[in-house]
Amino acid sequence: MVSRVLVALDVPEGDRALELATLLQPQVGGFKVGLELLMGEGPGIVTRVADLGAPVFVDAKLHDIPNTVAAAVRRLGALGPRWVTVHASGGVEMVRVAVEGLAESSGGRAGVLAITVLTSLDAEGLASVGVRRSIGDQAEAMSRLAVAAGAEGVVCAVPETSRVKALGLGLTVVTPGIRPAGPDDSDQKRVATPKESIAAGADLLVVGRPITAATDPVAAAMAINDEIVAALSAAQLG
């Protein structure tokens, strides 16, 4: 089975990111290049990681007027990513032009993942920015918008994943905030274990520090893969 784990290379230095990616590539399904690495090393790091042969998820979180987003994804698409994220809350037109621009510059090899609700937001935080829906209702609404705009998938927290999957929209669901069971010191409010993510129906799991900060990153990745395999087996038996 191809691993469902996307490792978040949340480091500022390109050399360290490449060291981690080279070490972990045999054990994981791909890598996330986020804003810290993009800003610290520059967009060229996307190509350097992609050249290792694993899919790259560029977590750019674009949210701007449609023309600006279209221009940005055209530049990113030429660098070799498999996915690029945009905020669904930017609206259907913004997501649509992102989908079109990314397909154009990547030769159809890359797809847009629309972010539904950031995992750092809880119900109070969502209300503070003027969204009166519940987190689950907002995730559903943003998922429907993503489909209407032609996005390949969505990014949502595990508590909302089962609701999004139940809509039957055919979206790839990527879950961030994945932590093995134990103490958690992250700034994400809605986190979950790999087992919980699989049980909810997630397709891909983003895992960062539990792997990259581990004493033995390869062993940590293998342990998470084992937990995913066990959860998939349990789901099939159930």
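Any read-out appearing in this document is the output of simple, stated calculations on the displayed coordinates, not a laboratory observation. If you're wondering where the values come from, they're calculated on a predicted model, not measured in any experiment. Backbone-built Cβ (ideal geometry, glycine too); neighbour counts: all protein chains shown.
Of note:
- Hey, Leu76 more than 24 Å from Ala151 (Cα to Cα) and of a type in the set (A, V, I, L, M, F, W, C) or not: no
- Identity of the residue in segment 99-126, β-branched (Val, Ile, Thr) and outside any helix (DSSP H, G or I), that ends up nearest to His63 (Cα to Cα): Ile115
- Meets criteria (in a loop (DSSP other than H, G, I, E, B) and crowded, with 17+ Cβ neighbours inside 10 Å) for Ala54: yes
- Test: residue in segment 217-233 that is outside any helix (DSSP H, G or I) and either surrounded by 14 or more Cβ atoms within 10 Å (Cβ to Cβ) or without any contact (Cβ under 8 Å) to a residue 60 or more places away in the chain (or both): no
- Check on Ser143, under 16 Å from the mean Cα position of the chain (by Cα), surrounded by fewer than 24 Cβ atoms within 10 Å (Cβ to Cβ) and polar (S, T, N, Q): no
- Scanning segment 114-126 turns up no residue that is on the phi > 0 side of the Ramachandran plot, touching a helix residue (DSSP H, G or I) at 6+ places or on another chain (Cβ under 8 Å) and surrounded by fewer than 21 Cβ atoms within 10 Å (Cβ to Cβ).
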